[in-house]
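The values are calculated or read from the model by the stated rules, or taken from the named source; none is laboratory data. Every value quoted in this text rests on a predicted model; they were computed, and no experiment measured them. Here the Cβ positions follow ideal geometry from the backbone for every residue, glycine too, while neighbour counts run over all protein chains shown.
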Amino acid sequence: MKNIISPLILLCMAQITFAQGIFEAQNDIGPVKHAGKTTYDAATQSYQLSGAGANIWFKKDEFHYAWKKLKGDFILQARGVLQGKGLDPHRKFGWMVRTSLDTSAAMVCATVHGDGLTAIQYRKTDGSNIEEVRSPVVMPDVVQLERKAGRWFLSVARFGDPFWTVEVPDIYLPEEMYVGLFVCSHNADVVETVRFDNVRVVLPPKPNFVPYREYLGSHLETVEVQTGKREILYSENASLQAPNWTLDNKALIYNKSGLIYRFDLANKTPQVINTDFVKNNNNDHVISFDGKMLGLSSSSGDPKFGSMIYTVPIEGGVPKQITPIGPSYLHGWSPDGKWLTFTG
């Protein structure tokens, strides 16, 4: 059966790819007996972490860590699955945020254990004992950890289910933190492995963010509907809007800064589609059912009317104005190509 694929946009800062993917480095934390390792597969945009470590509990931690430094608020997202049967039911993986790489550093982590136990665990100050709030969701694979100043949110789910979320307030940690993925074998003599995909570090807007005047940057992504596997195709420090599939599945058409772009999926490059004088396009562009025409909503005409509707060959050309007055916002073509549906 052919997989069905659908595009989506995430508004977050584009990440720079290092040897470890989005992470800056990898380390073993604490006196582990067996060296851990992080590998990044650029083709699948997935990570594999292997590591030992006696535990992450009480006043000290032992585990393997792939990390980067971040300032301010963030949302950390990933899917993770432990590999193999494992030896200890409390082998664990997840996201961790730390003040330092010291074994007793203050930290907050979203933890999934081998037996399914899941919790947000935290050490409020260096050298203090860990506290936790447990989740009723057993063995989730989708794990999200969010920071909002001194408030922390754990969200977990099995793929395809809604999130279960809990807030833990009053954990005040420094502005800059170590942020990353971890694995711990819960047995000093054993190495365990976890595989992560859909790994994202999302930077939310500033409190004084002005929509449509400021932009966070965008990833152009595809998501395979059956498996949920996401792939970042292209990133830019701009607002990439409303991707649509071409009929032959060879390209995505989207708009940016009022222009219409075609993104070739084979060579991963964008190219402006010529729409002549119609340049102030909004994101209500629609491809006809036969794949030959593109409908546009644009404020390129008489300013007193605002947005009006145009059609143009999908490869570009001089658009034809359809609505005589505005504002008019395009919503769809009829299957026979004889009608356009719009609001106005």
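From the list P243, P211, which one is loosely packed, with under 14 Cβ neighbours inside 10 Å, more than 30 Å from V81 (Cα to Cα) and touching a Pro at 6+ places or on another chain (Cβ under 9 Å)? Result: P211 is the single residue among P243, P211 that is loosely packed, with under 14 Cβ neighbours inside 10 Å, more than 30 Å from V81 (Cα to Cα) and touching a Pro at 6+ places or on another chain (Cβ under 9 Å).
Restricting attention to segment 274-304, the residues that are within 14 Å of E315 (Cα to Cα) and in contact with a Gly (Cβ under 6 Å, 6 or more places away or on another chain) add up to 3. Within segment 233-254, does at least one residue satisfy the condition of being in contact (Cβ under 8 Å) with a residue 12 or more places away in the chain, outside the structural domain of S328 (by TED's automatic domain parsing), aromatic (F, W, Y) and in a loop (DSSP other than H, G, I, E, B)? No; the residues of segment 233-254 include none that is in contact (Cβ under 8 Å) with a residue 12 or more places away in the chain, outside the structural domain of S328 (by TED's automatic domain parsing), aromatic (F, W, Y) and in a loop (DSSP other than H, G, I, E, B). For segment 323-344, a residue qualifies if it is under 16 Å from N281 (Cα atoms) and either touching a residue at least 24 places away in the same chain (Cβ under 8 Å) or of a type in the set (F, W, Y) (or both), and the qualifying residues are G326, S328, Y329, L330, H331, G332, F342. Could you tell me which residue of segment 132-177 is nearest to K69 (Cα to Cα), considering only residues that are hydroxyl-bearing (S, T, Y) and within 19 Å of the chain's Cα centre (by Cα)? It comes out as S155. Kindly indicate whether N187 is of a type in the set (S, T, N, Q), more than 30 Å from D290 (Cα to Cα) and in a loop (DSSP other than H, G, I, E, B). Yes: the conditions hold for N187. Taking segment 255-270 as the range and being exposed (fewer than 13 other Cβ atoms within 10 Å of the Cβ) and either in contact (Cβ under 8 Å) with a residue 24 or more places away in the chain or in contact with a strand residue (DSSP E or B) (Cβ under 8 Å, 6 or more places away or on another chain) (or both) as the test, the residues that pass are K268, T269. Of all the criteria given as (1) of a type in the set (S, T, N, Q); (2) within 18 Å of the chain's Cα centre (by Cα); (3) outside the structural domain of V137 (by TED's automatic domain parsing); (4) under 29 Å from R151 (Cβ atoms), the one not satisfied by T222 is (4). Kindly indicate whether F182 is closer than 30 Å to F63 by Cα and either assigned to a strand (DSSP E or B) or not polar (S, T, N, Q) (or both). Yes, satisfied.
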